[in-house]
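Structure record follows, encoded as structure tokens.
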Amino acid sequence: MAIDYSQLIPNNVDLSSDRRLQRALENWQPRFLDWWKDMGPDGTSSFDVYLRTAVSTDSNGWANFGYVKMPEYRWGIFLADRDPERQIAFGDNKGKPAWQDVPGEMRSTLRRLIVTQGDTEPASVEQQRLLGKTAPSLYDLRNLFQINVEEGRHLWAMVYLLHAYFGRDGREEAEAMLERHSGDPDKPRILGAFNEATPDWLSFFMFTYFTDRDGKYQLASLAESGFDPLARSCRFMLTEEAHHMFVGETGVGRILQRTCELMKEHRTDDVRSLGGIDLPTIQKYLNFHFSVSLDLFGQEASTNAANYYTQGVKGRFLETRIDDDHLLTNATYEIETVEDGRIVKKAVPALQALNERLRQDYIDDCAKGVLRWNKTIERAGINFEMTLPHRAFDRQIGAFAGVRVSPEGKVLSEAEWNAHKDRWLPTDEDRAYVTSLMGAAVTQPGKFAHWIAPPARGINNQPGDFEYVRFN
Ligand code: BYC
């Protein structure tokens with residue numbers, strides 16, 4: 001279905017046929033815009049940004065490029081097309097028609113999942129609020145803004161569901177979405193990673209590589225939901241998510257490339273003296289962002305996850321492509337946990353292990369980008385390998401919370417941990433160094449900060465010196 005742009009709120013859900021809902025969302029819209037002004041990218045409202053806007057949800061329509069002032073971006077409500085034959089693919093309700101409305105007994109579970117998902121979207125915009133001031137190029141600045149407006153749209157997607165299907169509770173949750181703020185000691189965002197600061201561009205690229213990838217896996221699981229409007233919302237959100245992870249992967253890759261160039265050119269490991277980011281520091285940032293993102297998958301053994309699945313509200317990654325009974329009542333799954341100071345494998349009912357299974361899918365996916373980063377280092381002839389730390393390393397949620405584990409997966413005493421942790425995680429000094437590289441934004445078309453290589457190609461095939469952002 002084409003998107004109706006003539007409406008105040010662009011949408012492909014025939015919003016104008018439901019006046020009450022339309023009015024409620026039109027009431028929320030100015031509050032969203034106020035939030036964007038106060039908490040979104042700082043001081044950018046007059047910039048013309050070369051952005052991609054969705055004009056339809058099919059494969060041709062969602063990538064239309066043009067200059068837009070961000071407060072005028074057409075945030076709207078876009079769901080993937082409905083399949084009238086769609087059936088629930090898993091759990092106790094397997095084989096029944098997908099729900100077009102919220103079944104009473106699943107109301108609170110669904111609301112909670114939608115609120116948790118929705119909360120992450122504005123959180124990330126808040127975390128990235130000041131990054132534009134230190135952008136390493138116009139190309140990167142534009143990518144940051146593209147991600148920001150799309151996270152704003154993902155918030156709209158969840159707010160639409162809350163307003164359309166959850167009555168007064170839903171409207172209150174939509175308000176609360178703009179009242180919690182990343183890192184706010186009184187009203188923090190719901191999930192840990194979304195209260196961490198994103199103070200520099202190395203953190204930003206790691207965040208978009210690792211934390212946005214959690215988004216991919218969570219959205220894919222929710223795209224299997226028996227609640228069809230949620231499934232269709234998440235399907236469309238996933239098309240946008242791919243760009244965010246691309247920004248992360250290529251961003252880290254370009255920093256590595258530049259670091260290797262400096263090392264080769266000057267025949268030294270001391271890249272800091274040359275104004276680059278040394279490989280061990282990049283590895284430490286990787287360790288931090290990977291472990292904080294692993295926490296986002298929740299407990300290894302979770303009755304919540306089992307209930308979501310049994311009820312049919314949240315599936316597995318690519319559920320319909322998995323060859324099993326899609327009930328999992330008799331299946332087991334091996335998870336890792338700590339017993340007597342050692343990490344051991346333990347079989348648990350597969351239904352309880354769904355968070356861990358999704359985490360494993362995620363880890364496998366993360367590893368692919370690391371291989372590509374290592375190719376960059378190898379091509380430069382440098383003997384260094386980036387690695388993902390062990391899943392138990394520096395965890396705050398689940399079986400490994402409070403246990404000290406090395407990146408190789410060895411359980412450590414507190415003293416051993418303290419003796420080594422500065423080699424594994426960014427120290428204040430590392431962070432201060434990376435921050436010190438973040439000078440004033442590089443605003444000359446085609447120019448890049450010293451510590452990062454240019455991208456292989458431009459957005460939408462634009463030339464290297466394209467003016468992605470016009471400052472007015
Ligand atoms: N921080 O049984 P458990 C994205 C809580 S990212 C704080 O394991 P469950 C994006 C948990 O809430 C994708 N608390 O829980 C990326 C529960 O609390 P209560 C976001 C945590 O429900 C970048 C308790 O611990 N989407 O889109 O199985 C930029 C017990 O845990 C954390 C979703 O997350 C944590 N890390 O699993 C922009 C999808 N982890 O109720 C956007 C929706 C757990 O006992 N959410 N807890 O007080 C879910 O599916 C689930 O809520 C979770 C947790 C997978 C997050």
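The values are calculated or read from the model by the stated rules, or taken from the named source; none is laboratory data. What you see is a predicted model, and the numbers here were worked out from it, not measured in a lab. Glycine also receives a Cβ, built like all others from the backbone with ideal geometry; neighbour counts cover every protein chain displayed.
Points to keep in mind about this one:
- Residues that are away from the ligand (no atom under 14 Å from the Cβ), hydrophobic (A, V, I, L, M, F, W, C) and buried (at least 18 other Cβ atoms within 10 Å of the Cβ) do occur in the range 323-344.
- Within the range 145-195, considering residues that are among the basic types (Lys, Arg) and not in a helix (DSSP H, G or I), the one farthest from the ligand (Cβ to nearest atom): LYS187
- Taking the range 6-53 as the range and being hydroxyl-bearing (Ser, Thr, Tyr) and loosely packed, with under 12 Cβ neighbours inside 10 Å as the test, the residues that pass are SER6, SER17, SER46.
- If you go through the range 346-370 and keep only what is assigned to a strand (DSSP E or B) and within 29 Å of the chain's Cα centre (by Cα), you end up with VAL348, PRO349.
- Answer from VAL252, VAL313 - the residue that is in contact (Cβ under 8 Å) with a residue 12 or more places away in the chain and either part of a loop (DSSP other than H, G, I, E, B) or more than 18 Å from the chain's Cα centre (by Cα) (or both): VAL313
- Subset tally (residues that are away from the ligand (no atom under 12 Å from the Cβ) and in a helix (DSSP H, G or I)) for the range 215-232: 4
- The range 416-438: number of residues that are more than 26 Å from the chain's Cα centre (by Cα) and part of a loop (DSSP other than H, G, I, E, B): 0
- Residue in the range 453-467 that is within 26 Å of ASP200 (Cα to Cα), within 22 Å of the chain's Cα centre (by Cα) and part of a loop (DSSP other than H, G, I, E, B) present: yes
- Filtered residues of the range 74-86 (kept if in a loop (DSSP other than H, G, I, E, B) and surrounded by 19 or more Cβ atoms within 10 Å (Cβ to Cβ)): TRP75, GLY76, PHE78, LEU79, ALA80
- Test set (1) charged (D, E, K, R); (2) surrounded by fewer than 16 Cβ atoms within 10 Å (Cβ to Cβ); (3) modelled with pLDDT of 95 or more; (4) over 21 Å from the mean Cα position of the chain (by Cα) - ASP58 fails condition number: (3)
- Failed item in (1) over 20 Å from LEU238 (Cβ atoms); (2) assigned to a loop (DSSP other than H, G, I, E, B); (3) aliphatic (A, V, I, L, M), with LEU141 passing the rest: (2)
- Test: residue in the range 201-216 that is closer than 15 Å to LEU318 by Cα and touching a Leu at 6+ places or on another chain (Cβ under 8 Å): yes
- Filtered by the rule that a residue be aliphatic (A, V, I, L, M), closer than 18 Å to GLU356 by Cβ and either assigned to a helix (DSSP H, G or I) or more than 16 Å from the ligand (Cβ to nearest atom) (or both), the range 280-310 gives VAL292, LEU294, LEU296, ALA305, ALA306.
- Lone qualifier among LEU130, LEU113, LEU138 - being within 16 Å of the ligand (Cβ to nearest atom), at pLDDT 95 or above and on the phi < 0 side of the Ramachandran plot: LEU113
- For beta carbons closer than 7 Å, sequence separation of 6+ or different chains, a first residue in the range 79-94 that is closer than 21 Å to LEU328 by Cβ and a second that is of a type in the set (Lys, Arg) and surrounded by fewer than 19 Cβ atoms within 10 Å (Cβ to Cβ), the qualifying pairs are GLN87/LYS96; ILE88/LYS94; ILE88/LYS96.
- Taken together, ASP394, ASP323 contain a single residue that is of a type outside the set (Lys, Arg), part of a loop (DSSP other than H, G, I, E, B) and either farther than 30 Å from ILE255 by Cβ or over 26 Å from the mean Cα position of the chain (by Cα) (or both), which is ASP323.
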